[in-house]
Amino acid sequence: MVLKESRKILLILIIGLFFILGLTLWKKVLTKEILLKEPISFKIPSKEILAPEPLTFLIEKETESVLSNEEIIKFTNYYREENDIAELNTNQLLMEAAENKLNDMFQKQYFAHISPEGDDAGIILKEIGYDYLVVGENLARGYFKDSKDLVDGWMKSPDHRENILNPKFREIGVAQREGKFQGKEQYLAVQIFASPLSLCPLPDESSLSQIQEKEEELEELTKKAEILRGEIEKESQEEFESEAEFQVVQDKIKTYNALVRRINKLSKELETLILNYNSQVNSFNTCIDNL
């Protein structure tokens, strides 16, 4: 009888020791936490359209004018270089946009940045598939001795000059033609300046999707861990009537600790993703600010 009671006491002591060790491990793992930074939000700035009042040249035609798109671009870049501003690259989509604008003005007999239907340079670029950060448009009509005379006329107008010398612009398209306009033979000329959205690479959308997925997974695992922790804390305060009951709690502690390890691993992965994504956002915002 005494031996039986002694074994029972010894068993209780052993069970108690294992429970204390298990509970200590649970508490130790529980203290591991990783503080995460939230993904930085970013917003593409409002797209600028710089369109000064169209310029009309009142000079009467004296001789046949010879204008060319290449010469207009050449003299535009000449003045940029004179002012220590990077040259503009010719872009075929912008050339197409300028030609479309020119044809539209001749066809509908208007001279303005906004068509009778309400289309501006931004809409024209959208229709041809040019996604931009900033766009500018110079218009002119009348007679010009040559391409330099046309560009010189724009340069004498402060607002048109500002477009020509604007360092935000990286690309250009032009169009010009002599034709019947409002009952008179004259030239219409179009300059379209722009910087493409691709100039500032957007943050990777797939990275943001991965962040959101892992955040959802982390939230789900954390809820499971909290529920399990509550069960362990409640059951650990009760007396165990058998080794089987103790083992149930031990199994829950093991499961909880495994969950915590998964949570910590996932937190580290999430932290790395967020840091990389935030770096992309900062690069994008810096690029926009430096335009």
Exercise. Mind checking whether some residue in the stretch 150-171 is of a type in the set (Gly, Ala, Ser) and modelled with pLDDT of 95 or more?
Worked result: no
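Just wondering, is there one or more residues in the stretch 165-180 that are more than 34 Å from the chain's Cα centre (by Cα) and aliphatic (A, V, I, L, M)?
Within the stretch 165-180, the first condition is being more than 34 Å from the chain's Cα centre (by Cα), and the residues that meet it are 176-180.
This time we only want the ones that are aliphatic (A, V, I, L, M), so: none.
Taking every residue of the stretch 165-180 in turn, none turns out to be more than 34 Å from the chain's Cα centre (by Cα) and aliphatic (A, V, I, L, M).
State the number of residues belonging to the stretch 176-199 that are closer than 18 Å to LYS126 by Cα and of a type in the set (A, V, I, L, M, F, W, C).
Residues meeting the conditions: 6.
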Problem set entry | The lone exception for GLY183 - which of (1) assigned by the TED database to the domain that holds VAL248; (2) without any contact (Cβ under 8 Å) to a residue 12 or more places away in the chain; (3) not acidic (Asp, Glu) it fails | (1)
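Would you check which residues across the stretch 227-263 are in contact with a Lys or Arg (Cβ under 8 Å, 6 or more places away or on another chain) and touching a residue at least 40 places away in the same chain (Cβ under 8 Å) and list them? Step through it out loud before you land on a result.
Let us first name the residues in the stretch 227-263 that are in contact with a Lys or Arg (Cβ under 8 Å, 6 or more places away or on another chain), namely 228, 231-232, 235, 256, 259-260.
Correct list: ILE232, TYR256, VAL260.
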Exercise. Listed residues SER195, SER207; which is in contact (Cβ under 8 Å) with a residue 60 or more places away in the chain and assigned by the TED database to the domain that holds GLU87?
Worked result: SER195
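Would you check which residues across the stretch 117-148 are of a type in the set (Gly, Ala, Ser) and within 17 Å of ARG177 (Cα to Cα) and list them? Talk me through it step by step, then tell me what you get.
Taking the stretch 117-148 and keeping what is of a type in the set (Gly, Ala, Ser), we get 118, 121-122, 129, 136, 140, 142, 147.
Within the stretch 117-148, ALA140, GLY142, SER147 meet the criteria.
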Seminar exercise, completed: How many residues of the stretch 238-281 are crowded, with 17+ Cβ neighbours inside 10 Å, part of a helix (DSSP H, G or I), among the hydrophobic types (A, V, I, L, M, F, W, C) and more than 38 Å from the chain's Cα centre (by Cα)? The answer is 3
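The values are calculated or read from the model by the stated rules, or taken from the named source; none is laboratory data. All values reported here derive from a predicted model rather than from experimental measurement. For neighbour counting, all protein chains shown are included, and Cβ atoms are generated from backbone atoms with ideal geometry for every residue, glycine included.
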